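What follows is calculated from the coordinates using simple rules that are stated; it is not laboratory data. As the structure is a computational prediction, the values presented were derived from the model and not from experiment. Here Cβ is always computed from backbone atoms with ideal geometry, including for glycine, and neighbour counts include all displayed protein chains.
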Amino acid sequence: MCAARGCPTLAGFARVGILQVLVTNARLPHPSRSLREVGIREEFVTNAAGDASLSPSLYQPRLYSVPARLRRAYDTGYLHFITFSCYQRRPLLSSPQCRDLFLRILEETRTRYGVVVVGYVVMPEHVHLLLSEPDESTHSVIVQVLKQRFACELFERLRKRNARPAGSLWKTVLEQGHFWQRRFYDFVVWNPHKRAEKLRYMHENPVRRGLVTSPEEWPWSSYRVYTNDEPGPVLVNEQRPVRLKWRGAPVV
């Protein structure tokens, strides 16, 4: 902080706390640059293969909270790169059945709220979505609906089957009824370069984690839609009529 004393600009930053935030963030370890860009500050330990879901005992998350007064930008006309995680970032989406269920609910939610899904990937402990702005709602509502519908249907299935997954991984989840971590991260994608960057990041995520050797081997992403024009469980890049808005209200 001594550098701030000789510079009026840095001294002003220091008074309002900006300089301290910059210094603190610079010292934080981060899994990847893209995660840092979307505001995720998390540290986790994986096994040698890079797959935390294969060894829950090695999975030791430390979660940094989202700012209490986080402001989200809506009605901008841009795409939004959205990320949300399982409770305590546990690999609760490790089973193919859970990932299939989430994608089915995502498709139903997409249809209901008139949002265009540009890309997606479902990982064992988190989800990435690249979405347009919905016609009649906000991303906060859409994420809330996705989380609630998925959790309710999954817990209902477990109750009907009288099934209780073994191990400490699910113990707290079933006892407290929490499947998702609170809130979500929203990064506004304002140009085509960022759009391509986020799509590439999502599709390469399973490979970086060591889950597969090629993006096309992970069926729970939109990769095959772009490379093979192969329809998946979620309709990607639906062509919708443009709706003009004036000060946030649709123009008839």
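Data table
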| read-out | value |
| --- | --- |
| Potential lengthening between Asn191 and Asn228 on full extension [0.36 nm per residue; Cα-Cα distance subtracted] | 10.9 nm |
| Cβ-Cβ FRET estimate between Asp135 and Arg159, R0 fixed at 41 Å, reported to 0.05 | 0.75 |
| Whole-Hz couplings from phi, Karplus 6.51/-1.76/1.60, listed for the stretch 197-207; x for Gly and Pro | 5, 5, 4, 4, 4, 4, 5, 8, 4, x, 6 |
| Quarter of Cα convex hull surface for the stretch 77-238, i.e. mean projection, nm² | 9.7 |
| Long-range amide H partners of Val118 with built H, under 5 Å | Leu130, Leu131, Ser132, Asn237 |
